[in-house]
Amino acid sequence: MDALDRVVKPKTKRAKRFLEKREPKLSENIKNAMLIKGGNANSMVTQVLRDVYALKKPYGVLYKKKNITRPFEDQTSLEFFSKKSDCSLFMFGSHNKKRPNNLVIGRMYDYHVLDMIELGIEKFVSLKDVKNSKCPEGTKPMLIFAGDDFDVTEDYRRLKNLLIDFFRGPTVSNIRLAGLEYVLHFTALNGKIYFRSYKLLLKKSGCRTPRIELEEMGPSLDLVLRRTRLASDDLYKLSMKMPKALKPKKKKNVSHDTFGTTYGRIHMQKQDLSKLQTRKMKGLKKRPAERITEDQEKKSKRIKKN
């Protein structure tokens with residue numbers, strides 16, 4: 001049995017807190033990413049991993065030593081590192097003659113590789129090459145995807161889902177305007193994926209809503225899709241299964257539209273509007289002549305019935 005698979009009883013309070021953090025929860029922790037350098041990674045791939053780590057901080061782990069492994073042939077080392085560092089996302093960088101400037105991005109499910117996609121770097125501009133101001137650490141980005149391929153092709157659709165999972169950051173309940181500081185833009189065009197990052201500047205516009213300008217921040221990558229290893233439909237559905245405790249309970253006679261507006265249906269008994277109490281006004285009072293005619297009509301109806 002693997003040392004990490006054994007059931008370990010904590011001997012100290014610190015060890016107990018450590019094991020409690022890794023226990024299965026209804027609301028899972030924020031997904032951490034590990035960035036691993038291959039045995040023959042060049043300077044470009046190393047810098048890409050450093051820049052992605054700078055965007056992922058503090059929810060990332062950067063392994064500085066080289067690790068001789070091939071993710072598409074053997075995933076045991078990736079699964080070992082995932083369990084050791086408690087990371088469910090990974091990015092692996094390597095370089096060789098057959099596949100130069102190679103990146104493998106993927107995710108785990110139950111500490112086993114769920115799916116991974118291989119990308120080739122054709123052009124790269126580093127964070128330090130762009131001299132503009134940067135965003136503070138831990139800022140949640142806005143993600144924009146452009147291109148029909150992200151909605152049509154299955155590989156691109158899964159890549160979009162994987163990139164959202166990788167860069168989304170923590171889930172927040174409220175957003176303030178000043179907190180929207182940078183944008184990650186992905187464009188799929190002519191078989192390539194263009195990755196750009198921009199800092200968002202709020203300028204004066206003369207009204208309440210500010211004028212928005214985008215300033216390139218770095219890094220920027222031109223990527224090409226290479227090999228893919230996607231999870232089966234059954235395993236993919238199982239990984240997205242929501243616990244029963246988190247599922248919202250259905251309420252009777254309540255519906256929602258596409259904009260999130262809540263509508264309620266009320267069931268009432270049939271009302272007799274003749275007995276409805278209305279506001280009494282002098283102008284609406286019946287005159288004596290009208291009352292006499294009404295009384296005569298009622299008497300005539302009674303005589304007819306008899």
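The values are calculated or read from the model by the stated rules, or taken from the named source; none is laboratory data. These figures come from a predicted structure and were not determined experimentally. With ideal geometry, Cβ positions are generated from the backbone for all residues, glycine too; neighbour counts draw on all protein chains shown. For accessibility, only protein heavy atoms count, side chains too; no ligands or nucleic acids. Shrake-Rupley method; radii C 1.70, N 1.55, O 1.52, S 1.80 Å.
What to note about this one:
- Residue check, LEU202 under 23 Å from GLU216 (Cβ atoms), buried (at least 19 other Cβ atoms within 10 Å of the Cβ), of a type in the set (A, V, I, L, M, F, W, C) and free of Cβ contacts under 8 Å to residues at least 60 places away in the same chain: no
- Every residue from segment 99-137 that is in a loop (DSSP other than H, G, I, E, B), farther than 17 Å from THR228 by Cβ and of a type in the set (D, E, K, R): ASP110, LYS128, ASP129, LYS131, LYS134, GLU137
- Candidate set from segment 131-140 (those that are surrounded by 14 or more Cβ atoms within 10 Å (Cβ to Cβ) and in contact with an Asp or Glu (Cβ under 6 Å, 6 or more places away or on another chain)); member that is nearest to LYS31 (Cα to Cα): THR139
- Qualifying positions in segment 181-199 - closer than 11 Å to THR139 by Cβ and open to solvent by 40 Å² or more (accessible area, probe 1.4 Å): GLU181
- Pairing residues of segment 132-159 that are more than 18 Å from ARG196 (Cα to Cα) and free of Cβ contacts under 8 Å to residues at least 24 places away in the same chain with residues that are buried (at least 16 other Cβ atoms within 10 Å of the Cβ) and of a type in the set (Gly, Ala, Ser), at Cβ distances under 9 Å and at least 6 apart in sequence or on separate chains, gives THR153/ALA188.
- Members of segment 183-237 that are small (Gly, Ala, Ser) and within 18 Å of ALA146 (Cβ to Cβ): ALA188, GLY191, SER197, SER220
- Qualifying residue in segment 43-63 (condition: touching a Lys or Arg at 6+ places or on another chain (Cβ under 9 Å), of a type in the set (Val, Ile, Thr) and crowded, with 21+ Cβ neighbours inside 10 Å): yes
- Whichever residue in segment 196-235 is touching a helix residue (DSSP H, G or I) at 6+ places or on another chain (Cβ under 8 Å) and not hydrophobic (A, V, I, L, M, F, W, C) and, among such residues, is nearest to SER133 (Cα to Cα): GLY218
- Taken over segment 141-152, the criterion of being more than 29 Å from LEU177 (Cα to Cα) and surrounded by 15 or more Cβ atoms within 10 Å (Cβ to Cβ) is satisfied by ASP149 alone.
- For segment 205-240, the candidate set comprises residues that are within 23 Å of ASP165 (Cβ to Cβ) and of a type in the set (Gly, Ala, Ser); within that set, the residue that is surrounded by the most Cβ atoms within 10 Å (Cβ to Cβ) is GLY218.
Per-residue answers, yes or no, for (1) more than 28 Å from LEU184 (Cβ to Cβ); (2) part of a loop (DSSP other than H, G, I, E, B):
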{"residue": "LYS9", "(1), (2)": "yes, yes"}
{"residue": "ARG17", "(1), (2)": "yes, no"}
{"residue": "LEU26", "(1), (2)": "yes, yes"}
{"residue": "ASN29", "(1), (2)": "no, yes"}
{"residue": "LEU55", "(1), (2)": "no, no"}
{"residue": "VAL61", "(1), (2)": "no, no"}
{"residue": "GLU73", "(1), (2)": "yes, yes"}
